[in-house]
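No value in this document is a laboratory result; all are computed from the given coordinates. Predicted model only: the values in this text are computed from it and were never measured. Using ideal geometry, Cβ is built from the backbone for each residue, glycine included, and neighbour counts are taken over all protein chains shown.
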Amino acid sequence: MSADHSGLPRGIDHVGVTVPDINLAIRFLETALGAVALYRNVTHTQPQQGPQTEKILGLPTGSVVWEMCMMSLGHGPGLELFEIHGPDQRPAVRACDFGVQHFAVYVDDIHAACTRFTKAGGELLTEPQGQPSLEAGPGNMFCYGRAPWGMIIELLSTPSRSRFDDIAPKPRYQPPARHEEQ
């Protein structure tokens, strides 16, 4: 297969998430969502810091990237966790703030997923809700939750897709079914 030289993306490769404690975040994501830590490309023994790092990542002066860990999450893009310490850090964004405000994971059983999420230390903002308007359909539900560090994660199930897929120029992405590891 030859490379595509059009400059168009194939899709999302990963989403970067800054967390206050990378080890706690890894344990939460493993327990709540079945994520797998793939590798750590920055560690406490060799943190990234200084003017070059600040410029590359758009960080304020004095910031230190203590750790980075790439994680796999089902069949979707990766999650790249960053533990960065810097001046004037702020809490996680709210849904009304500009920028990436949440990521969603597709689940087959939203009630079981909500139970896992809370047992792992997450907090549900509501109970699972039926999808509204065009995304409504039998079994279509969602629920927003807050990770222990404050980031919003949506649990989503849309088995009834015809209402929106029939009018879209192409079907909305849906991860393939999860198969248990042997």
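Both the radius of gyration and Dmax for segment 1-89 are 15.1, 48 Å, in that order, over alpha-carbon atoms. For segment 76-182, the alpha-carbon radius of gyration amounts to 1.22 times the rule-of-thumb value 2.2 N^0.38 Å expected for a compact globular protein. Rg over Rh for segment 1-50 works out to 1.11, both radii taken from alpha-carbon positions and Rh defined as the Kirkwood radius. The packing ranking, built from the mean of other Cβ atoms within 10 Å per residue, places the peptides 134-140, 112-118, 65-71 in the order 65-71, 112-118, 134-140, highest first.
3J(HN,Hα) along segment 75-81, derived from phi through the Karplus expression 6.51 cos²θ - 1.76 cosθ + 1.60 where θ = phi - 60°, amounts to 9, x, x, x, 10, 9, 8 Hz, with x in place of Gly and Pro. Per-residue ellipticity at 222 nm computed for the chain from its helices equals -5000 deg cm²/dmol, with DSSP H segments shorter than 4 residues left out and the rest contributing -39,500 (n - 2.57). A crude spin-label estimate for the pair T31 and H85, with each label 7 Å from Cα along the Cβ direction, gives 2.4 nm. Quick one: in the chain, what % of C-alpha pairs are over 25 Å apart? Percent of Cα pairs beyond 25 Å in the chain: 44. Loop-located trypsin sites (Lys or Arg not before Pro) in segment 1-79 (DSSP state other than H, G, I, E, B) with a sparse environment of at most 10 neighbouring Cβ atoms within 10 Å: R10. Using the alpha-carbon atoms, what tilt in degrees (0 to 90, nearest 10) does helix 110-119 show relative to the longest principal axis of the chain? Once rounded, the angle reads 30 degrees. Using R0 = 22 Å, the C-beta based FRET efficiency linking A95 and Y173 works out to 0.50.
Working from Cα positions, state the angle (0 to 90°, nearest 10) between the long axis of helix 22-33 and the longest principal axis of the chain. Roughly 10 degrees, rounded to the nearest 10.
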